[in-house]
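**Q** Before I ask anything, let me first share the structure, which is written out below as structure tokens.
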Amino acid sequence: MTADEKYARYQDLQRYVGWTEEDAADVNSVSELLEPHLVPLVDDFYAEIEKHPAAARVITGGPAQVERLKGTLVAWLKELLRGPYDREYVARRWQVGWRHVEIGLDQVYTNAALSRLRRGLLRVLGRQWTGDLASALAVRQSLNTLLDLDLAIIEDAYQAEYLARQQRLERLATIGQLGGGIAHELRNPLNVIKTSIYYLLHSRNPTPEKQAEHLKRIERQVGLADGVVSALSNYARMPVPAMSPVSIPECVADLLEDLSLPEGVSVSTNWPTDLPAVLGDAGQLKIVLSNLIRNGGDAMPHGGQLTIGGSHTDGRVNVAVSDTGHGIPADILGRITEPLFTTKAKGLGLGLALARAILDKHQGALSVSSVPREGTTFTVALRAAPRES
């Protein structure tokens, strides 16, 4: 978030709570009254911190650091009372929240600390005030509002920085997990290629048939390795779909001509004659359907029935891919579209995650139902394309 964006957000919060120039003037008017008492308030503040190990643990520099922090807090309170409440003011408040994440201080201690400072400021104000009651109440309200605004911007910064750090950690963890998956997936084809190359280089007088066999093995393994790289690339850089009317039966027919399913798997399709086209990107939808069809085949390594059918209602087209395989246990059913989650001995676990990402871009949906030892049905819901008039 840029400095201008932070300040615009702060101004929006000011409007939300009804902060006015009169409030600023009220707070500024008591700065000289309160400033002589700021040092005792800050001394009390840090004395209390020493009684709470969870808060005190972040102070690692001893008495010298405490004295520096006291000076910083006194300056912070003076700026609170004097203003101006401009971009630089907001940037310094934002820095407080950022710093608390950096040192590992839980935000709850910031809330409690500001509450203690608030009580101290209001207590001093009550003792030193010599004006009328109505003016005192107005000043107290303005000061409370300003403290609430400070707390809001500090919490906003804390949450933004904490979330950013969590996302960085998650990305690093994902990279590590993904790296392990890629290494596993590529090592097998590379080992096969290596053994075939070794044979071709060292075998004495190999027959043409043997040479052709090993060259085909190399070609197949290169294809497998390329598939791993393509899956990763597709997941990382899925482009915006180019929408046009797409015939799902035609997409499925094209896929079934090219896909290789386990021996013993029979495929049947069931399309209503009035099934409308869908609005989508044909290439991307083929990725979705091919993943579902391959998964269905993989679930039936010893053969079975794969059924693909469609239906439509209320401007939506539903495409169901059903198998009679081993099914998916209920305890992992909700995780199967997570990136890198897979129940297969081989595979990156990106197929269903990629399918869901594509369908999200199509404003579509993917659902699944499964009965262990009976089979699984994946259903894709897509928008029907407008019918030509």
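**Q** Please enumerate, by chain and number, the aspartates and glutamates with C-alpha under 17 Å from the C-alpha of K6, excluding those fewer than 8 residues away in the same chain.
**A** K6 reaches D86, E88, D148, D150, E155, D156, E161.
**Q** Note down the relative contact order for the chain as a percent, whole number, built from C-alpha pairs under 8 angstrom at least six residues apart.
**A** 13
**Q** Once fully extended, how much extra length lies between L201 and R15, figured as 0.36 nm per residue of separation less the alpha-carbon to alpha-carbon distance?
**A** Here the segment from L201 to R15 would lengthen by 59.2 nm.
**Q** Ok, one more. Full-extension gain between E35 and A381, please, as 0.36 nm times their residue separation minus the C-alpha to C-alpha distance.
**A** Separation in residues times 0.36 nm, less the Cα-Cα distance, equals 118.0 nm.
**Q** Using a cut-off of 19 Å between alpha-carbon atoms, which aspartates and glutamates can reach K210, once sequence neighbours fewer than 8 places away in the same chain are excluded?
**A** E219
**Q** Suppose the chain between Q128 and R316 were pulled fully straight at 0.36 nm per residue; how much longer would it get relative to their current alpha carbon spacing?
**A** Extra length from Q128 to R316 when fully extended: 60.6 nm.
**Q** Using the Karplus curve 6.51 cos²θ - 1.76 cosθ + 1.60 with θ = phi - 60°, what ³J(HN,Hα) values do you get for each residue of the stretch 123-136, in whole Hz, with x for Gly and Pro?
**A** For the stretch 123-136, the Karplus curve yields 5, 5, 4, x, 6, 8, 6, 10, x, 7, 5, 4, 5, 4 Hz.
**Q** 7 Å from Cα along Cα→Cβ at both A136 and R57: what's the point-to-point distance in nm?
**A** 4.3
**Q** Put one equal scatterer on each alpha carbon of the chain, apply the Debye formula with no solvent term, and list log10 I(q)/I(0) at q = 0.09, 0.14 1/Å to two decimals.
**A** So the normalised log intensities are -0.77, -1.13.
**Q** Simple spin-label model, 7 Å along Cα-to-Cβ: K210 to Q363 in nm?
**A** Computed distance between label sites K210 and Q363 equals 6.3 nm.
**Q** Mind giving me the FRET efficiency for L169 and V74? R0 is 51 Å, r the Cβ-Cβ distance, nearest 0.05 is fine.
**A** 0.90
**Q** To continue, here is another question. Rounded to the nearest 0.05, what FRET efficiency is calculated for S244 and A160 with R0 set to 51 Å and r the Cβ-Cβ distance?
**A** Efficiency at R0 = 51 Å is approximately 0.80.
**Q** A further question follows. I need the peptides 137-146, 275-284 ranked by packing, meaning the mean over residues of other C-beta atoms within 10 angstrom, with the highest value on top.
**A** 275-284, 137-146
**Q** Okay, moving on. Once the convex hull of the C-alpha atoms of the stretch 241-320 is built, how many Å³ does it hold per residue, rounded to a whole number?
**A** Per residue, the Cα convex hull of the stretch 241-320 comes to 86 Å³.
**Q** For R87 and A64, FRET efficiency with R0 = 25 Å and r from the beta-carbon atoms, rounded to 0.05?
**A** 0.20
**Q** Given the peptides 358-368, 213-223, 125-135, arrange them by the average over their residues of other C-beta atoms within 10 Å, most packed first.
**A** Per-residue mean Cβ counts within 10 Å order the peptides as 358-368, 213-223, 125-135.
**Q** Using 7 Å Cα-to-Cβ label points, what is the N191/T269 separation (nm, one decimal)?
**A** 3.9
**Q** Right, something else. What number, rounded to the nearest 500 deg cm²/dmol, is the helix-based mean residue ellipticity at 222 nm of the chain, given -39500 (n - 2.57) per DSSP H run of at least four residues and division by all its residues?
**A** The helix contribution divided over the chain gives -21000 deg cm²/dmol.
Bear in mind these aren't lab numbers, they're just calculated from the coordinates by the rules spelled out. Predicted, not measured: the structure shown is a model, and the values here were computed from it. Heads up, the Cβs are rebuilt from the backbone with ideal geometry, glycines too, and the neighbour counts pull from every protein chain shown.
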